[in-house]
Structures are given as C-alpha cells and as structure tokens.
1. Going through the stretch 76-102 one residue at a time, which ones are of a type outside the set (Gly, Ala, Ser) and either at pLDDT below 85 or surrounded by fewer than 16 Cβ atoms within 10 Å (Cβ to Cβ) (or both)?
2. Among the residues in the stretch 202-219, are any among the polar types (S, T, N, Q) and more than 30 Å from SER94 (Cα to Cα)?
3. Give me the residue from the stretch 213-256 that is of a type in the set (Gly, Ala, Ser) and more than 16 Å from VAL302 (Cα to Cα) and, out of that set, farthest from the chain's Cα centre (by Cα).
4. When residues of the stretch 278-331 are filtered for being assigned to a loop (DSSP other than H, G, I, E, B), of a type in the set (Gly, Ala, Ser) and within 24 Å of THR220 (Cβ to Cβ), how many remain?
5. Filter the stretch 176-197 down to residues that are β-branched (Val, Ile, Thr) and more than 19 Å from ASN52 (Cα to Cα), then give me how many there are.
6. Being part of a helix (DSSP H, G or I), surrounded by fewer than 16 Cβ atoms within 10 Å (Cβ to Cβ) and either assigned by TED's automatic domain parsing to the domain that holds ALA190 or in contact with a Cys (Cβ under 7 Å, 6 or more places away or on another chain) (or both): is that true of VAL127 here?
7. Looking only at residues in the stretch 279-300 that are under 14 Å from SER251 (Cα atoms) and surrounded by 14 or more Cβ atoms within 10 Å (Cβ to Cβ), which one is modelled with the lowest pLDDT?
8. Suppose we filter the stretch 370-386 for residues that are part of a helix (DSSP H, G or I) and more than 22 Å from TRP243 (Cα to Cα); how many remain?
Amino acid sequence: MEKRLKHPAEQNLIRRIVCRFQTVLRQRVGTDAHGAHGSALVSDLESRLRGNERIWAGFREIELRMLTAETLHAVIGTLSRGLPEFFPGVHAVSVAWLDPDYELTHLLEQEGEKISSNAFVALRAPVPGLIPPGGLQLGPADAVTQKKLFPNTDGRLKSMAIAPLVLRGVQVGSLNQGSADPGHFAPDAATDLLEHLAAVTAICIDNSVNRARLRRDGLTDTLTQVANRRFFDRRLREEVSQWLRRGGELSCLLVDLDHFKQINDQHGHLVGDLVLQEAARALSKGLRASDVLARYGGEEFVLLLPSTESQRAAEIAERLRTAIESLALTATRGVKLRVTASFGLARLAVDQRASLEDPGLWLLRQADQALYAAKARGRNCVVIAGHSGNESTQPQTIDT
C-alpha cells in the first residue's frame, strides 16, 4: 500500500506545485549545481502522484461496479476479483458477515453462480476479538485470524487489512484483505479509501439482500413496481426496533390520490392504472436508500422516513405533493387529467420510546388521522399530526 492516499483536491494541488517546481527548475538547470537533484525530486513526486491516481481510480472502479451489481453474488465477486485485479499486492479477499439464520448463505446457493470458497465467511455469532471494534486494522497477519477470515487461502499471508462493516450503527461483519507481502498493509498506511470502500460494501450487500427478499417473497406491487404492504409492514417493524434502540425520529407519510374513483369511473381502469404508476414514480424520486415507499392499498401509498425529524419530513411531503400536482397526464380523446394527493404526516419522537405499547401501530394511526384531516380540509394538502404523550392533538396543515 502507498503510505499516503490523497483525494482529488489534494492531487490537483500537488500537481500545480509540481508544475511550478518544474518551471523554476528549467529556468535554473545549467546554472544551478542542484539542478540534477531538483529534477530527481520532481520525478519522484510525479511518480508518487501517478501511483496515488492509480490507487484512487482502482477504488472508484470497484465501488462503481458494486453499485451497479444486482445480486449478492455480484457484489462479493466484484470485491474478490476486483481488488487483486487493481492491486496486485492483494492476494486474498473475503467478506465476513453475521448470518445466524443462513439467509445470505442460502441466497448465494440459490443464485447458482459459484464464487471463491474463500470470498464469503458466514459468522453464526459474533466472534470476540475477530473484528476490530475501533475501526480499520492494518498490520501483520496471524495464523488464527487467517484461518477464520481466509479459511481456504493457499500459502501464508504476511499482512492484513480488516475493515468493519457497519449498517445503521451496528457492526455486521468485515471486509478483509490479505497479502503475502509483510509491508503491503503497514500499520501507518492511510486508511480513508479502505474505510470508504467498506462503507459502500455494507450498503451494497444490504441492498442486494433486500432486492433478493423482494424477489423471493413477492413483496413488489406488480402495477407500480414499488414495495407492497407486506414488505412495508416488515420494514416498519425493523425501523421501529432501530428507533427503540437508538432514538432519533421516525417519520411516516400516508398519501391518498384525490378523487381517484372519479378518474376510474370517467376514464376507465387503464387510465387509473396509468395514474397510479406515474404517482408512484413521482413519489419515488429523490428518496434515500434507507427510505421506504410502498403501495398501501388501492390509491394509497405510504412512506417511511428513518432518522427524519418532522420539519424535514414536512418539506419532503410538500415537495412530493407538488410533484404529483405537476403531473401532465392525458386520458383518452386527449382529455387532460389533473391529479392531486392528500398527505398525512406523523412521527415517533425520542421521548416516546417508553410510553407507547405498539409504536408502529400508533404511528400509522396518527398518519391516518392526519390524512383524514387533509381530506376534510379540501384535499391536495399536507397535514401534520401532533402528539402529547400517547394522545394526538389538533393536526397542523401546511399552507400551499
């Protein structure tokens, strides 16, 4: 590993310094006895710069490949093949992941394609001391760790890099690299790019597993191609569990398309289907990977916004309301359709963790009451449910 890995802004600064240094040297070479030494220094700086650029480009290419990978097999295969491809000093790569229920193990088997037997290490329970709790660890390899993290590697590894994989604040595994070169993963090497790669790896594995769950369980609404209610119910339980452990705020939006029955009655169900599809597209734009959008039933959609305080959630709701109102749809015989939606917004706040018997059910009921209030107030608006302990207060309407 290079001792220092620099970001593009730093690289550009160094490049300008080198160019300036070259110009000065050219003016002095032949008259300055130190010209040869200065030229050698410039050559060394240029060589280091090119090396750092190659390292940066390698990491970037691997991350791009992972982000476009559709399956868990593809994500892990990108790492196990890509890291040795771009960095010849890397001789072994594995992903260790907590898999007590064999979910990822079975998923890899079901995907059918073979990956290196060394590439995925399923941990049935946390192994004390195996994954460093304080961040990425570089240094000499030992036989015990090699056997656990690189169980089928031929030959003795001399240095290792073990990067914890973290999802939603919980350590779920590690990205591991080994080298036969004892100096390749030196303890004083820079770690920023390795840590970024580990963060991207955790997200990509989580996304690939969620996609597989959708395919496996039929949790996608076939008309709108967003998640269905069954998937939402499962994610709601997961996010409420996270909220109970970590606090913060969890926001929920219930969305109902206004006068949708009239659209079906006047223009037919094919037009109604088109409205649902376009509304789903509008609602999905700009959401984070952690957000959940699902068709809740009929013309209703639901959004779950983890770690989102009420003001930010209200801004998101207003943006989505405007996006639906701006849809330019045409029915049969060229009739222009005006589509609007009503929004009910509710949240779970950190001070409610000890007071709610069923936080998920409470959250949905609050959002539903706010949605009902939005309908009663003329539709095409956002209403925020208030709370005081376990009791709802008068909802607040956002002026549009």
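The values are calculated or read from the model by the stated rules, or taken from the named source; none is laboratory data. Just so you know, these numbers come straight off a predicted model, no measurement behind them. Note that we place each Cβ from the backbone using ideal geometry, even for glycine, and neighbour counts take in every protein chain shown.
1. Result: GLU85, PRO88, PRO100, ASP101, TYR102.
2. There is no residue in the stretch 202-219 that is among the polar types (S, T, N, Q) and more than 30 Å from SER94 (Cα to Cα).
3. This residue is GLY218.
4. So the answer is 4.
5. 0
6. Against the criterion (part of a helix (DSSP H, G or I), surrounded by fewer than 16 Cβ atoms within 10 Å (Cβ to Cβ) and either assigned by TED's automatic domain parsing to the domain that holds ALA190 or in contact with a Cys (Cβ under 7 Å, 6 or more places away or on another chain) (or both)), VAL127 does not qualify.
7. Looking at residues that are under 14 Å from SER251 (Cα atoms) and surrounded by 14 or more Cβ atoms within 10 Å (Cβ to Cβ), I get SER290.
8. Selection size over the stretch 370-386: 6.
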